[in-house]
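Engineer: To start, I am sharing the structure in question, which I have written as structure tokens.
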Amino acid sequence: QVQLVESGGGSVQAGGSLRLSCAASGSIFSINGMGWIRQTPGKQRELVATISASGSTNYADSVKGRFTISRDNAKNTVYLQMNSLKPEDTAVYYCNADVRAGENRYLNNYWGQGTQVTVSS
């Protein structure tokens with residue numbers, strides 16, 4: 001069994017910064033892509049950023065230049081550095097990862113529990 005545990009959410013004023021972390025634990029053999037998705041009530045989920053096992057990154061247009069995704073493969077952890085935050089960044093942020101785990105090393109997709117980010121104007 002694999003668990004993704006997020007941390008680092010909170011409340012901040014517009015223009016501020018937050019850093020989210022997501023640590024994967026369990027019988028992990030390897031982790032492929034990792035990413036962050038956010039959800040606002042009444043809106044569709046938005047893929048914020050992704051990072052491959054080799055470090056290639058992609059960002060939603062709405063966060064380009066403000067957010068940076070990174071990972072520490074030794075710690076099975078992905079980060080999201082969020083700068084110049086705007087009220088429209090307010091959402092629950094979920095970590096997501098494709099993980100090979102267990103005796104059979106099957107590839108499965110896992111989600112964290114979500115962490116709230118609130119940006120006030």
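The values are calculated or read from the model by the stated rules, or taken from the named source; none is laboratory data. Note that the coordinates shown come from a computational prediction; the quantities given were computed from them, not determined experimentally. A quick note on method: Cβ atoms are made from the backbone with ideal geometry, for glycine too, and the neighbour counts reach across all protein chains shown. Heads up: the accessible areas ignore ligands, DNA and RNA and are worked out on the full protein's heavy atoms, side chains in. Shrake-Rupley method; radii C 1.70, N 1.55, O 1.52, S 1.80 Å.
Engineer: If residue 30 satisfies every condition in (1) touching a strand residue (DSSP E or B) at 6+ places or on another chain (Cβ under 6 Å); (2) open to solvent by 40 Å² or more (accessible area, probe 1.4 Å) but one, which is the exception?
Structural biologist: Here residue 30 meets the rest and fails (2).
Engineer: Let me ask something additional. Out of everything in segment 59-75 that is in contact with an Asp or Glu (Cβ under 9 Å, 6 or more places away or on another chain) and either within 16 Å of residue 98 (Cα to Cα) or among the aliphatic types (A, V, I, L, M) (or both), what residue ends up being surrounded by the most Cβ atoms within 10 Å (Cβ to Cβ)?
Structural biologist: Quick first cut of segment 59-75, residues in contact with an Asp or Glu (Cβ under 9 Å, 6 or more places away or on another chain) only: 60, 62-63, 66-67.
Next cut, either within 16 Å of residue 98 (Cα to Cα) or among the aliphatic types (A, V, I, L, M) (or both) only: 60, 63.
Numbers: 60: 15, 63: 22.
Checked segment 59-75; the qualifying residue surrounded by the most Cβ atoms within 10 Å (Cβ to Cβ) is 63.
Engineer: Mind counting the residues in segment 40-58 that are open to solvent by 50 Å² or more (accessible area, probe 1.4 Å) and under 17 Å from residue 21 (Cα atoms)?
Structural biologist: Just the residues of segment 40-58 that are open to solvent by 50 Å² or more (accessible area, probe 1.4 Å), to begin with: 41-47, 53-54, 56-58.
Checking which are under 17 Å from residue 21 (Cα atoms) leaves us with 47, 53, 57.
Final tally of qualifying residues: 3.
Engineer: Given the options 78, 117, name the one that is more than 19 Å from residue 43 (Cβ to Cβ), open to solvent by less than 10 Å² (accessible area, probe 1.4 Å) and of a type in the set (Val, Ile, Thr).
Structural biologist: Values: 117 fails: more than 19 Å from residue 43 (Cβ to Cβ).
78 is the lone residue from the list that is more than 19 Å from residue 43 (Cβ to Cβ), open to solvent by less than 10 Å² (accessible area, probe 1.4 Å) and of a type in the set (Val, Ile, Thr).
Engineer: Shifting gears a bit: Which residue pairs have Cβ atoms under 9 Å apart, sit 6 or more places apart or on different chains, and have a first residue in segment 57-84 that is more than 18 Å from residue 37 (Cβ to Cβ) and a second that is among the β-branched types (Val, Ile, Thr)?
Structural biologist: Going by the 9 Å Cβ cut-off, the qualifying pairs are 72/78; 73/31; 76/28; 76/31; 76/99; 83/68.
Engineer: Moving on. Quickly run through segment 91-105 and pick out the residues that are open to solvent by less than 40 Å² (accessible area, probe 1.4 Å) and either within 11 Å of the chain's Cα centre (by Cα) or of a type outside the set (Gly, Ala, Ser) (or both).
Structural biologist: 92, 93, 95, 96, 97, 99
Engineer: If you go through segment 2-14 one residue at a time, do you hit one that is part of a strand (DSSP E or B), under 16 Å from residue 101 (Cβ atoms) and of a type outside the set (A, V, I, L, M)? Full working, then the answer.
Structural biologist: Our first condition is that a residue be part of a strand (DSSP E or B); within segment 2-14, this holds for 2-7, 10-13.
Checking which are under 16 Å from residue 101 (Cβ atoms) leaves us with 2-5.
Now drop any that are not of a type outside the set (A, V, I, L, M), which leaves 3.
Yes: segment 2-14 contains one or more residues that are part of a strand (DSSP E or B), under 16 Å from residue 101 (Cβ atoms) and of a type outside the set (A, V, I, L, M).
Engineer: Next question, about the same structure. Go through segment 8-18 residue by residue and tally those that are at negative phi, surrounded by 13 or more Cβ atoms within 10 Å (Cβ to Cβ) and out of contact with any Pro (no Cβ under 7 Å at 6 or more places or on another chain).
Structural biologist: Taking segment 8-18 as the starting set, the residues that turn out to be at negative phi are 9, 11-14, 16-18.
Applying the additional criterion that residues be surrounded by 13 or more Cβ atoms within 10 Å (Cβ to Cβ) yields 9, 12, 14, 16, 18.
Filter once more, so that each one left must be out of contact with any Pro (no Cβ under 7 Å at 6 or more places or on another chain): 9, 12, 16, 18.
Final tally of qualifying residues: 4.
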